[in-house]
Amino acid sequence: MQIIPFKESAAWRAQITLSNVIFLLYFRWNAMNQYWVMNINSRNGEPILLGVKIVSNFNLTEQFSAITGMPEGEIVCQNIINEWGDISRFDMGETTELIYYEAGEIESLVEVNA
């Protein structure tokens, strides 16, 4: 499990290593519709996955796992204070976190909690 650090500016990018592969993650606040958007690019800036709406308590990448170049694991937006609802502009890193789970890690956690 790896927490993806979130910055406060309305648009930013980060170079991050996920499962020993470098990716460029881009984040943008959609002010009109009030939500965060995530893009995943290769280390060379080539688009892999674009325009994913960040939703609390949801696996953001599971449905896209067959796309070539995707991280092996899964990126989940998790509310860390056990609440549901929309994510506001400054919630990321405060009440919600982006968490990267290595391949098979979520399944292991589900088995332990079953």
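Using just the helices of the chain, give the 222 nm mean residue ellipticity in deg cm²/dmol: DSSP H runs with n ≥ 4 each add -39,500 (n - 2.57), and the total is spread over all residues, rounded to 500.
Numbers: 1 runs with 9 residues, N = 114.
Counting only the DSSP helices, I get -2000 deg cm²/dmol.
Restricting the calculation to Cα positions, tell me the Rg (one decimal) and the Dmax (whole number) of the chain in Å.
Computed over the Cα atoms of the chain, radius of gyration and Dmax are 13.8, 41 Å.
Across the chain, where is the longest run that never hits GluC sites (Glu not before Pro) in a DSSP loop with at most 14 other C-beta atoms within 10 Å?
9-71
Within region 68-86, list the residues whose amide N lies under 20 Å from a label point set 7 Å along Cα→Cβ of Glu46.
Backbone N within reach: 68-73.
Given labels modelled 7 Å from the Cα in the Cβ direction, how far is it in nm from Glu102 to Asn59?
1.8 nm
Just add up the charged neighbours of Ala11: K/R +1, D/E -1, any other residue whose Cβ is under 13 Å from the Cβ of Ala11.
So the surrounding residues net to +3.
Values quoted throughout were computed directly from the atomic coordinates according to the rules given, and no laboratory measurement underlies them. From a predicted model like this one, the values you see are computed outputs, not experimental measurements. Positions of Cβ are backbone-derived with ideal geometry, glycine not excepted, and every protein chain shown enters the neighbour counts.
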